[in-house]
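A.B. asks: One structure coming up, written as structure tokens, with questions to follow.
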Amino acid sequence: MVKNSELYENKTILAPMVRVGTLPMRLLAVKYGADLVYCEEIIDFKILKSKRVENDALGTTDFVLSDGTIIFRTHPQEKDKLIFQIGTADPKRALKAAQRIEDLVSGVDINMGCPKEFSIKGGMGAALLSQPEKIKEILTTLVNGLSVPVTCKIRILPELEDTLKLVKLIESTGVSALGVHGRTKEERPRHPNRNNIIQTIAESLSIPVIANGGSKEVIKVYEDIAVFKQATGCSSAMIARAAEWNPTIFRAEGKLPLLDVVKEYVKVAIEWDNNWVNTKYCVLQMMHDNMLDYPEGELTQAAMSMEDISEIWGLKDYYLQVRQKLSKISEGAESQGDRVSIETNENGGYRICMPLRFEKKDFSCKISPKLKLFEWTRSKELPKPTYNTTEKSEDRTFNCVLQLHTNEFTTPYWEKSKQLAEQASAAVATTVLDIVDGRVEEPSEQLEKCRVQWMQLKFEKNKLKFDSGNEENCVKGENSENSQVTKRKCDNDCDENSKKLCQVQDES
């Protein structure tokens, strides 16, 4: 039996958007008239790995990874309008993940339309469109296992007949509504949205169909939302880019000036202790094409902390007031070891600890922090790094202290394998020494936090003595003749652990 399908009828909705659909943006959208708000897609693995924390200072419920990263934060005031979107490729895992959050939300949505590579490679998002049996199994499992309504969001297939066959199968699982983006997985915003296909889908189903994909072509002001609904034959529309650029698109009285909206967003982000990396990203997305037209845009591009951002937007005093009020949060974060620290060790060098983890997905199989650090030591004609790894017998986890001459680099975390622990300590060293470590993705939130904290410590790198007998080569670095010879050999001379890591990553 279909649960509460009326929740999705005659609605204007904030679409799920990665890095945008966090708590501040959702609350602003609700304030300005959005009937429902979707959180950004969160992968089932992350939900299951996280710890559920009741944040007394904010009154929120947070889901926190072991490195302190908050993957989802929600407040009771949005519950009646909040839809939680999950990225998954496995029905049992999806159900376990959804059960962890179902008491906090009004509905659960499965992402079956994301065309991004990370999603496709994991068998999630648009990869599911070619697996109807898996779609049926995932949706049926969630519909039968949850107390809240279940929906999914898809993209259309190249052929109308195949699309209609797919949506009929989805309807048969008992979902309460279906979101449809009118482009194929290969198409991008520059391609026309197939409003006529969405209309045909809406006419063929008995459940509500939510139209998506109209921001680029149609939706510029509030009145355009009704035009888009009419063009697609849907009573509900899901707004992505137009809302990302200005959440007052949901305001019946009309949009407010951009700079006023951005300032209000920053204020809300301060109030809800949103991390500065995400806040900066959202501010720049809101300004998008106009960011260089305003001094605030250029300054925000260079901001390196929430305090920087608040000062740019005339909110520094407000930020300091809120930080004082929320001091419990800061104290709690520091007590979890979520800070970069420097200590003098017994050998007269330094021990540097960073809350940093090694994520395989951030690197290609032939590049890793260990390999890059090894190449760096060879170019400097230094002894190769020493990895001193300790195993905790009770849970078979590992922590590594990397030694370079008299200096040590480590993390506060215990990893599930020796390789991960060693790579994490190497990542600390490459971060401290400004060694390009070959990441294939943009810096992660935890890496950005570590870099900022490291810069704030204003530690002079020349204090890190590596080999007093070879200081000349350390100065010449990559320009020395010997280092050029070394570089040519490095690709064929990496250590065994790095080779093994490449093999493990290939197999995975």
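The values are calculated or read from the model by the stated rules, or taken from the named source; none is laboratory data. Predicted model only: the values in this text are computed from it and were never measured. Cβ: placed from backbone, ideal geometry, glycine included. Neighbour counts: every protein chain shown. Heavy atoms of the whole protein, side chains included, go into the accessibility calculation; ligands, DNA and RNA do not. Shrake-Rupley method; radii C 1.70, N 1.55, O 1.52, S 1.80 Å.
A.B. asks: Under the rule of -39500 (n - 2.57) per DSSP H run of 4 or more residues, summed and divided by the residues of the chain, what mean residue ellipticity at 222 nm is obtained, to the nearest 500 deg cm²/dmol?
C.D. replies: Dividing the helical sum by the residues of the chain leaves -12000 deg cm²/dmol.
A.B. asks: Further question: Using alpha-carbon pairs under 8 Å, 6+ residues apart, how would you state the relative contact order of the chain in percent?
C.D. replies: 11 percent
A.B. asks: Does anyone have the angle between helix 222-232 and the longest principal axis of the chain? Alpha-carbon axes, 0 to 90°, nearest 10?
C.D. replies: Result, in degrees: 70.
A.B. asks: Let me ask something additional. Treating the angle as unsigned and between 0 and 90°, give the value, to the nearest 10°, between the Cα long axis of helix 481-490 and the longest Cα principal axis of the chain.
C.D. replies: So the helix axis and the longest Cα principal axis differ by about 50 degrees.
A.B. asks: Now for a different question. Show me the ranking of peptides 312-324, 426-438, 223-235 by mean Cβ neighbours inside 10 Å, starting with the highest.
C.D. replies: Final packing ranking: 426-438, 223-235, 312-324.
A.B. asks: Which whole-number value in Å² is the accessible area per residue of the chain, probe 1.4 Å?
C.D. replies: That works out to 46 Å² for each residue.
A.B. asks: With the alpha-carbon atoms as the only input, what is the per residue convex hull volume for the range 258-376 in Å³?
C.D. replies: Dividing the Cα hull volume of the range 258-376 by its residue count gives 182 Å³.
A.B. asks: Kindly express, to the nearest 10 degrees and within the range 0 to 90, the angle between helix 258-271's C-alpha long axis and the longest C-alpha principal axis of the chain.
C.D. replies: Computed tilt is about 60 degrees.
A.B. asks: Further question: Considering lysine pairs in the range 178-287 that are 8 or more places apart or on different chains, how many have Cα atoms under 27 Å apart?
C.D. replies: For the range 178-287, the number of qualifying lysine pairs is 18.
A.B. asks: Just subtract the alpha-carbon distance of residue 318 and residue 204 from 0.36 nm times their residue separation and send over the number in nm, one decimal.
C.D. replies: 35.8 nm
A.B. asks: If you don't mind, there's one more thing I want to ask. Using only Cα atoms, locate the centre of the range 379-434 and the centre of the range 272-289, then give the distance between them in Å, rounded to an integer.
C.D. replies: 33 Å
A.B. asks: Another question, if that's okay. Measure off, as a whole percent, the carbon and sulfur share of the 1.4 Å-probe accessible area of the range 218-372, all protein chains present.
C.D. replies: The nonpolar share, carbon plus sulfur, comes to 47 percent.
A.B. asks: Looking at the range 338-442, how many pairs of lysines come closer than 16 Å at the Cα, when each pair is eight or more places apart or spans two chains?
C.D. replies: 12
A.B. asks: Another question about this same structure. First measure r as the distance between the Cβ atoms of residue 133 and residue 417, then evaluate 1/(1 + (r/R0)^6) with R0 = 45 Å and state the FRET efficiency to the nearest 0.05.
C.D. replies: Calculated value: 0.85.
A.B. asks: Length gain on complete extension for the stretch residue 49 to residue 66, per 0.36 nm per residue less the alpha carbon to alpha carbon distance?
C.D. replies: 5.3 nm
A.B. asks: What order do you get for 40-53, 410-423 when each peptide is scored by the mean count of other beta carbon atoms within 10 Å, highest first?
C.D. replies: 410-423, 40-53
A.B. asks: Tell me, how many Å apart are the Cα centres for the range 1-50 and for the range 162-207?
C.D. replies: Each part reduced to its Cα centre gives a spacing of 19 Å.
A.B. asks: Starting from the Kirkwood Rh over alpha-carbon pairs, what translational D in µm² s⁻¹ does the range 61-131 have by Stokes-Einstein at 20 °C and 1.002 mPa s?
C.D. replies: 161 µm²/s
A.B. asks: Could you tell me which label, among [x] 87, 65, 50; [y] 79, 52, 45; [z] 71, 51, 46, carries the value of Cα extents along the principal axes in Å calculated for this structure?
C.D. replies: Calculated Cα extents along the principal axes in Å: the matching label is [y].
A.B. asks: Separate question: To the nearest 20 debye, what is the magnitude of the charge dipole of the range 173-329 about its Cα centre, counting +1 on the Cβ of each Lys and Arg and -1 on the Cβ of each Asp and Glu?
C.D. replies: 460 debye
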